[in-house]
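Following: one structure in structure tokens, then a few remarks.
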Amino acid sequence: MASLEVKLFGIRFENPLILASGINDKVPEQWIRAHEEGAGGVVTKSIGIEPRKGYDNPTIVELPCGLINAMGLPNPGWKGFLEMVEGYTFDFPLIVSIFGGTPEEFAFLAEKLSDVADAFELNLSCPHAKGYGMEIGQNPENVYEVVKAVKDATDRPVIAKLTPNIDDITKLGLAAEKAGADAVSAINTLKAIAIDIYARRPILSNRVGGYSGPGVKPVALRAVYDLAKVLDIPVIGIGGITTWQDAVEFLLAGASALQIGTAVSLRGWKVFREINEGIKAYLESEGFSSVSEIVGLALE
Amino acid sequence: MASLEVKLFGIRFENPLILASGINDKVPEQWIRAHEEGAGGVVTKSIGIEPRKGYDNPTIVELPCGLINAMGLPNPGWKGFLEMVEGYTFDFPLIVSIFGGTPEEFAFLAEKLSDVADAFELNLSCPHAKGYGMEIGQNPENVYEVVKAVKDATDRPVIAKLTPNIDDITKLGLAAEKAGADAVSAINTLKAIAIDIYARRPILSNRVGGYSGPGVKPVALRAVYDLAKVLDIPVIGIGGITTWQDAVEFLLAGASALQIGTAVSLRGWKVFREINEGIKAYLESEGFSSVSEIVGLALE
Amino acid sequence: MVELRETWEVAKNVRAFRLSKGFDFTPGQFVMVWLPGVGEKPFSLAWKDLLVIKRVGPFTSRLFELQEGDRLWIRGPYGRGFERKWNRVALVSGGIGIPPLYALVRAWRNEFEGITLIYGARSKEELALLDIEDYVDEVVITTDDGSAGKKGFPTDVLAERRGEFDGVYACGPEPMLKAVLRIMDYENVQVSAERYMKCGIGVCGSCNLGKYLVCRDGPVFEGEKLRGVM
Amino acid sequence: MVELRETWEVAKNVRAFRLSKGFDFTPGQFVMVWLPGVGEKPFSLAWKDLLVIKRVGPFTSRLFELQEGDRLWIRGPYGRGFERKWNRVALVSGGIGIPPLYALVRAWRNEFEGITLIYGARSKEELALLDIEDYVDEVVITTDDGSAGKKGFPTDVLAERRGEFDGVYACGPEPMLKAVLRIMDYENVQVSAERYMKCGIGVCGSCNLGKYLVCRDGPVFEGEKLRGVM
């Protein structure tokens, strides 16, 4: 029997599939549901300093190969978040995503939320929020400063979530590693837009948004492959993983764990079970006994 | 009757659809065929200084949302190219794509091929050839230097073909414009990879390649939208245009003309006629009399 | 993109909108309606080509200005609709809860032995009955002010007559749904829940109802699933 | 990815490879076979699960080393195959041109009134007939050295007997195809052309034959289309 368990930065995950940030992960009941449905861990919606209601609708566009969204980082702020989780305990790793406009804001959030988070994922990559996310994370120096500030503020493992909207994502990964990140995750969404030909205007209220789903998979896989080649810290693969074959490709490309987001919308919660079963059957039929044995095999 | 004719940098195109570089455009018979099949113009395969045979197979991977290719710039070199076209005349605009490793090489090629080319497209964006394409074109200063050198070497209009593998494609567009480019075209392919889960290795012999087709359309459309907002020179839209609706989206986003590549493989030569007919019917039903009337309407 | 084929007033601040295109749908499913430059909101389908909408804010006010031939943009239908079950059923509707129930009886009127509509509104002028009387066996009206039917709440009627029905379909304000669920002890009842929905397709998570998403797990839920949740 | 179910020698330097999976195909279509780390090449299907391949270089040499149970990677089938036409037909095959014609007669043997295979090889030991004799009415062999059948070229036989046939299907080296086209005056003939193919799906343009692409417009062409081209 092949094992699906993975261990990352000292934390054990039942399986390599983690619910990605921003997908049905607003409240604790949804995190618990994701775990019940087969996720090995959960990343929360990105939490900032102040509550934000996010952008007006339309906030999402459905496309043949995925989705474009511009939610605008809706979140209850760190105080609201702490109130919301009070009284809950979780029997799976809970990774808290945080976003800020400066290294100090990131550090502040990490400090305030360290009692709740098993690990932090730094949102250095949201492509549609002015002053946050990608606007900071496209610059390797900023990535370095943010990671360093957070590492100084918390003992929890820190994952830097990187943007693919860059000439070479390894620059960002190396900066994160140098600053002491425990892992990187890649990719966040690609900059994109959709226009309605009869309205003759961009569909999203924010005009531009982030593209996710099967259409971005080849780009995401390349990002993971490039990162895994140069980094010593683990890479968490994200981007259009929809089938178990996609998942295996990411593992072979060097991802130590995976995040699933858009596929939950496209195919329902059952994707976690289906992908886990597919990985397990693949491991067994190909003669492997654990997920970690195949991580990076395609890097040669 | 709505008109499909467009005029770009003083050249008249029967319709806004141009065969993109690298798709069935190796020899003059294929360029003539593309025009017969409805293309308003043709871009040749990229021509360099020396003949190149390109990479070994596999050079292409078929995916649910497009293709990844790494052909390796196969071409007969400028001398072979001149021999090949000798005796041919073309009753449609022939845009010659050129690639080089330095501004001087680009300028040399432009000078040698000016008698054949109605315009040049500078390949500053091929994502899989060491020392060429994107490796040069990701840097705005290089884009500036190459465009400037070519403009000094030829009187023909010059189009800079830009890479989307960058934090902000408008930097590249602005550099091209400043150097005197007559137009930019965007996007070239996205950096990508595909791994075979049973071979456990990258499929392409070059390992990494460029992603094209419907899956890249939302990214390409955003690039065109961003470029059209900041540039005064025309933008030629490329990237996953497969249906007439896609074509109209690109025109509304600010593209003055369009290039079609992967769709010719996915749907056959008939795409030119079908897309042209769709654009025409749209113009008529929405009350426009020419393509140029809708260019950029979604920029507001 | 669809065009508005016809629009008419149904009740005070309630209009019907007939579209140029019909959608394959299950009663209870909803669509997202986008008015460019204005916004995008979810509405239950009253029929494959019919929306019945109450004016409540700026978006619906703009909708109310649309004329025949004007365009509107629709995606969907989305979500889980009603399931056909039971023989003698009551439909309990409050406020603007009528559209999905209208769709239900129009689609399945011959599948039941008896259909009783118990419909409560604030006052007579707010009753948005359309031609629903053609599709049900009995209509019981309640109004808060007694201006039509019985004075009181539809749930009062349900509580009294509960024994007559095998099952209940309900749509309306949350306090009414809670009352229906309690009267039915969460059994033999399907309710269409309402939440603030943004994406409509199970991404944003805004419409969570406990561990459920109203846009994907609902909007129609079997009563049993809502124990401890509503 | 498929497995090799069976492999056997068919003639000198020619092997047959039976795959674990069959493909829906039209006779004349080809597949791309990838051996990771070695390369990728096009081959005509001899049957839905059968490849018949001649050793010509490093890639095919590695293919010849494969054992039953080994893996190979296949995409396709691609291209335009033969079209069923005519009643009394000749198949003209030269060299390793037999696989698509084998597929043709195996698929359509009952659709013709008469099938004559005219098959030329350099010598007796290079004849890769498989069991094609079961599917045709007549086999005429020619060899360059006279070691089997008639000494000479298959096109000599076709030229002599041309009047007996309504139509001709041909596959083989280009000089042979040209001779067939000329004998038939480009009419009532379909030929399977060969070109250096890389992508196989109409992108790279390597396999151009005049204005055509062998991978998309072919590999099978009606003779009429090749006037002035071949």
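The values are calculated or read from the model by the stated rules, or taken from the named source; none is laboratory data. What you see is a predicted model, and the numbers here were worked out from it, not measured in a lab. Positions of Cβ are generated from backbone atoms using ideal geometry, with glycine treated the same way; all protein chains shown enter the neighbour counts. Heavy atoms of the whole protein, side chains included, go into the accessibility calculation; ligands, DNA and RNA do not. Shrake-Rupley method; radii C 1.70, N 1.55, O 1.52, S 1.80 Å.
Cβ-Cβ distances below 8 Å connect the following pairs, each with a first residue in the range C:53-71 that is assigned by TED's automatic domain parsing to the domain that holds C:Val10 and closer than 20 Å to C:Ser20 by Cα, a second residue that is open to solvent by less than 30 Å² (accessible area, probe 1.4 Å) and of a type in the set (S, T, N, Q), and a separation of six or more residues or different chains: C:Ile53/C:Thr60; C:Leu66/C:Thr7; C:Gln67/C:Thr7; C:Glu68/C:Thr7.
Report whether or not A:Tyr144 is open to solvent by 10 Å² or more (accessible area, probe 1.4 Å) and in contact with a Cys (Cβ under 9 Å, 6 or more places away or on another chain). Show your work before the answer.
Working: open to solvent by 10 Å² or more (accessible area, probe 1.4 Å): yes; in contact with a Cys (Cβ under 9 Å, 6 or more places away or on another chain): no.
Considered against the rule, which asks whether it is open to solvent by 10 Å² or more (accessible area, probe 1.4 Å) and in contact with a Cys (Cβ under 9 Å, 6 or more places away or on another chain), A:Tyr144 comes out as no.
B:Ala220 satisfies every condition listed in (1) facing another protein chain (nearest Cβ under 8 Å); (2) surrounded by 24 or more Cβ atoms within 10 Å (Cβ to Cβ); (3) not in a strand (DSSP E or B) except (1). What are the residues in the range A:69-124 that are within 14 Å of another protein chain (Cβ to nearest Cβ) and among the polar types (S, T, N, Q), if any? Once the filter is applied, which keeps residues that are within 14 Å of another protein chain (Cβ to nearest Cβ) and among the polar types (S, T, N, Q), the range A:69-124 yields A:Asn69, A:Asn75, A:Ser97. Which members of the range B:223-258 meet the condition of being β-branched (Val, Ile, Thr) and part of a helix (DSSP H, G or I)? The answer is B:Val224, B:Val230, B:Val248.
To keep it simple, each residue is scored yes or no on (1) over 18 Å from the mean Cα position of the chain (by Cα); (2) farther than 30 Å from A:Ile197 by Cβ.
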position: A:Gly41; (1), (2): no, yes
position: A:Val61; (1), (2): yes, no
position: A:Gly66; (1), (2): no, no
position: A:Pro76; (1), (2): yes, yes
position: A:Gly80; (1), (2): yes, yes
position: A:Asp91; (1), (2): yes, yes
position: A:Gly101; (1), (2): yes, yes
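Applying the criterion of being open to solvent by 40 Å² or more (accessible area, probe 1.4 Å) and at pLDDT 95 or above to the residues of the range D:10-20, the residue that is farthest from the other protein chains (Cβ to nearest Cβ) is D:Arg15. Test B:Arg267 against the criterion of being closer than 18 Å to B:Gly22 by Cα, more than 9 Å from chain A (Cβ to nearest Cβ) and open to solvent by 30 Å² or more (accessible area, probe 1.4 Å), and give yes or no. Here the answer is yes, as B:Arg267 does meet what is asked.
Is it the case, given these coordinates, that C:Asp217 is charged (D, E, K, R) and within 14 Å of chain A (Cβ to nearest Cβ)? In short, yes. When C:Gly114, C:Gly120, C:Gly95 are checked against the criterion of being surrounded by 24 or more Cβ atoms within 10 Å (Cβ to Cβ), touching a residue at least 12 places away in the same chain (Cβ under 8 Å) and of a type outside the set (A, V, I, L, M, F, W, C), a single residue qualifies: C:Gly120. Counting the residues of the range C:32-51 that are of a type in the set (Asp, Glu) and touching an Asp or Glu at 6+ places or on another chain (Cβ under 9 Å) gives 1.
Against the numbered list (1) crowded, with 18+ Cβ neighbours inside 10 Å; (2) modelled with pLDDT of 95 or more, D:Trp108 comes up short only at (1).
Restricted to the range D:73-92, and to residues there that are of a type in the set (A, V, I, L, M) and closer than 18 Å to D:Leu117 by Cα, the residue that is surrounded by the most Cβ atoms within 10 Å (Cβ to Cβ) is D:Val92.
Right, B:Ser292: of a type in the set (Ser, Thr, Tyr) and within 12 Å of another protein chain (Cβ to nearest Cβ) or not? In short, no.
Conditions tested, residue by residue: (1) farther than 22 Å from B:Val96 by Cα; (2) open to solvent by less than 30 Å² (accessible area, probe 1.4 Å).
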position: B:Val158; (1), (2): no, yes
position: B:Gly173; (1), (2): no, yes
position: B:Ala179; (1), (2): no, yes
position: B:Ala183; (1), (2): no, yes
position: B:Ala186; (1), (2): no, yes
position: B:Ala199; (1), (2): yes, yes
position: B:Gly209; (1), (2): yes, yes
position: B:Pro214; (1), (2): yes, no
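Tell me whether the range A:97-113 contains one or more residues that are touching a strand residue (DSSP E or B) at 6+ places or on another chain (Cβ under 7 Å), surrounded by fewer than 22 Cβ atoms within 10 Å (Cβ to Cβ), of a type in the set (A, V, I, L, M) and at pLDDT 95 or above. Looking through the range A:97-113, at least one residue is touching a strand residue (DSSP E or B) at 6+ places or on another chain (Cβ under 7 Å), surrounded by fewer than 22 Cβ atoms within 10 Å (Cβ to Cβ), of a type in the set (A, V, I, L, M) and at pLDDT 95 or above. Here the range C:45-72 is the region considered, the condition is being open to solvent by less than 30 Å² (accessible area, probe 1.4 Å) and part of a strand (DSSP E or B), and the residue that is farthest from C:Arg5 (Cα to Cα) is C:Ile53.
Go over the candidates A:Val264, A:Val208 one by one and state the one that is modelled with pLDDT of 95 or more, assigned to a strand (DSSP E or B) and touching a helix residue (DSSP H, G or I) at 6+ places or on another chain (Cβ under 8 Å). Answer to the check: A:Val208.
Being away from chain D (no Cβ under 14 Å), open to solvent by less than 30 Å² (accessible area, probe 1.4 Å) and in contact with a strand residue (DSSP E or B) (Cβ under 7 Å, 6 or more places away or on another chain) narrows it down to one residue among B:Ile18, B:Ile60; which is it? Don't jump to the end; show me each part of the working.
On the way: B:Ile60 fails: away from chain D (no Cβ under 14 Å).
Just a single option satisfies the conditions, and that option is B:Ile18.
Among the residues of the range D:186-196, are any open to solvent by 30 Å² or more (accessible area, probe 1.4 Å), at pLDDT below 95 and more than 14 Å from every other protein chain (Cβ to nearest Cβ)? So far as the range D:186-196 goes, yes, one or more of its residues are open to solvent by 30 Å² or more (accessible area, probe 1.4 Å), at pLDDT below 95 and more than 14 Å from every other protein chain (Cβ to nearest Cβ). Residue count for the range A:42-57 under the criterion of being out of contact with any Cys (no Cβ under 9 Å at 6 or more places or on another chain), touching a residue at least 60 places away in the same chain (Cβ under 8 Å) and buried (at least 20 other Cβ atoms within 10 Å of the Cβ): the result is 4.
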